Structures are given as C-alpha cells and as structure tokens.
Amino acid sequence: MKNENLYNYILGIADNSLILGQRLGELTGHGPSLETDIACTNMSLDLFGQVRSYYQYAAKLKGGDATEDTIAFLRKERDYVNVLLVEQPDRDFAYTMARQFLFDVYHLLFLQELQKSHDITLTAIAKKSIKEVSYHQRFSTDWIKRLGDGTTVSHDKMQEAIDSLWTYTDELFHQTAADKAMVAEGIGVDVTALKVKYYSLVNAVLEEATLKIPESKWFQKGGKKGIHTEHFGYILSNMQYMQLAYPNMEW
C-alpha cells in the first residue's frame, strides 16, 4: 500500500460514523414518537452514506480485492479504530441524544477543518457531509435543551446520561500516529486544536439546558488503538452476520 498513513487516517474518521450509524439504526421502530424515530433513522443513513465515500476511497488506496464492503464488514475487532463514545449502547432516549450531541459538536468542528485538507477527495466528502452533520447537531442540541429543561424526570435522565458519557469525550482529541503524519502533510485535521472550542460549545448548551457540567477529570480511551468496551463485540456480531453467513453475497 502506497500510503498506509492516509488509509489508517481515513479509517479513523469513517469508523466513528459507521459505528454511530449502526447504533442509531438500532433505534428504528423504538423511537419515542414516529417523527423522532424517522429522524434518527435518517441520521443513521446520512452517516452510512458518508462511510461509503470514505471506505470507497480507502479501498482504492489499499488495492487488491479490497472493497467498501470488505473494509466495513470483514475486519477483526481490534482493526476498528472508532472512539469509545460512539459504541456506547442505547440505554434510553436521553442517553441516545446525549451520545449524539457529544459527538455531533465534535463532528461538525472536524468537518469544518477537513474542508481545508490538501486531499481533494477528503475535501469533497467533508463539503458534502457538513450539511448533514449541521442538521444532526441542531437536532441533538434541541433534544438536550428540551429534556434538560423539561420535567424533573427528563432532566434527571439527561443529567445521568451526560455524566455517564462525559468520560468518553476527551478521546476525541487524542492523536494517533496516522493523525500526526497527515497533519504534517496538510491533509489531516489537528484535533487537539478543536478541544477548547468543543468544550466551550458543549458547556454553553448544557448550561442553557439547566444541566450541570461534569467535573470529572478522569477519561476513558483506547478505541483509537482498537481497544474497545464490552459493547463492541455485540455491535460487530450483528453488523457482520450476513457477510460472514453468506460470503460474497450480493443484493
């Protein structure tokens, strides 16, 4: 492979959207209302659409028999490098929206910078994806405010979700070797530079939603190195079942 760092960098971006899209897809038919159910399904489809663009590019770089499907479905658990945040389960609707919000704020900031990449393919994907992710952020932000500043029950559930998921936010700003190499070439985004703005935006929304900003300074990490939580194996077994049961299947 000519550019292994670029290939790994693309996986680092795309795997986040793949796993979060899978999580949102699990909500189909289980949303609190029909409109919200459809909205979450559409966001899942948006993310999968972005993933296809990334994986098609990655397959071209890898060459051989690699395709978007083999990259998506036929890797081992340790080969997926998504952050731990996106693999957290759908405990309840507040938890789902908190997870979505905490990732959406980051995702939008990231794509805004990725548009400036020297890699024209990544720039094009970012410009197309940013419109969708802008909507995702508005949607999840509205639900943080509605539930946080709603009833006592909705407030408590949202506070519990934010407190639980906060420990996974710092990993968003960790750099892998591929990240550093691509930043040096003007291709990648320096995620460390996004951290201050990210927490400023998140904290402002939490305050407006009458939610307390978690004070914990202890953070989980490992996803970017392929070390996942116990939830990941279940996601992968569901996601890979058809490809493993019926190799080389075609629709």
- Looking only at LEU74, LEU147, LEU165, which one moves most when the chain is put into a Gaussian network model with springs between Cα atoms under 10 Å? LEU74
- Item | the chain - charge dipole about Cα centre, Lys and Arg +1 at Cβ, Asp and Glu -1, debye rounded to 20 | 580
- Task: Would you mind computing, in nm to one decimal, how far apart the modelled labels at ARG75 and GLU35 are, each placed 7 Å from Cα along Cα→Cβ?
- Result: 3.8
- If each Cα of the chain is one equal point scatterer, what is log10 of I(q)/I(0) from the Debye formula at q = 0.07, 0.09 Å⁻¹? -0.23, -0.38
- In this model, which of LYS116/LYS221; LYS60/LYS197; LYS131/LYS180; LYS60/LYS128; LYS116/LYS157 are farther than 31 Å apart at the alpha-carbon? LYS60/LYS197; LYS116/LYS157
- Calculate, for TYR246 and GLU26, the FRET efficiency according to 1/(1 + (r/R0)^6) with r their C-beta to C-beta distance and R0 30 Å; round to the nearest 0.05. 0.90
- Which angle between 0 and 90 degrees, to the nearest 10, do you get for helix 195-208 versus the longest principal axis of the chain when only C-alpha atoms count? 30
- Query: Rounded to the nearest 500 deg cm²/dmol, what is the calculated helix-only ellipticity per residue at 222 nm for the chain, with -39500 (n - 2.57) per DSSP H run of length n ≥ 4?
  - Reply: -21000 deg cm²/dmol
- Query: At a Förster distance of 35 Å, what's the computed FRET efficiency of TRP218 paired with GLU113, Cβ-Cβ distance as r, to 0.05?
  - Reply: 0.80
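Provide the per residue accessible area, probe 1.4 Å, for region 4-245, rounded to a whole number of square angstrom.
With the other protein chains kept in place, region 4-245 gives 46 Å² per residue.
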- Message: If I model a spin label as a point 7 Å beyond the Cα along the Cα-Cβ vector, how far apart are those points for GLN56 and ARG138 in nm?
- Response: 2.7
- Among the aspartates and glutamates, which fall within straight-line cross-link reach of LYS217, defined as a Cα-Cα distance under 13 Å, with same-chain neighbours fewer than 8 residues apart omitted? ASP163, ASP170, GLU171
- Highest-first arrangement of 152-158, 21-27, where packing means the average Cβ count within 10 Å: 21-27, 152-158
- Query: Taking only C-alpha pairs under 8 Å that are 6+ residues apart, what is the relative contact order of the chain in percent?
  - Reply: 25
- Task: With springs connecting C-alpha atoms under 10 Å apart, model the chain as a Gaussian network and identify which of GLN240, GLN159, GLN112 has the largest mean-square fluctuation.
- Result: GLN240
- Item | Percent accessible area from carbon and sulfur atoms, region 107-164, protein chains only, probe 1.4 Å | 53
- Selection from THR151, PRO214, LEU61 lying farthest towards where the dipole of region 4-245 points positive, charges on Cβ: LEU61
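First compute the accessible area of region 204-251 with a 1.4 Å probe, then give the percent of it belonging to carbon and sulfur atoms.
On region 204-251, the fraction of accessible area on carbon and sulfur atoms equals 55 percent.
The values are calculated or read from the model by the stated rules, or taken from the named source; none is laboratory data. Note that the structure is predicted; figures quoted are calculated from it, not measured. Positions of Cβ are generated from backbone atoms using ideal geometry, with glycine treated the same way; all protein chains shown enter the neighbour counts. These accessible areas exclude ligands, DNA and RNA; they are computed on the full protein's heavy atoms, side chains included. Shrake-Rupley method; radii C 1.70, N 1.55, O 1.52, S 1.80 Å.
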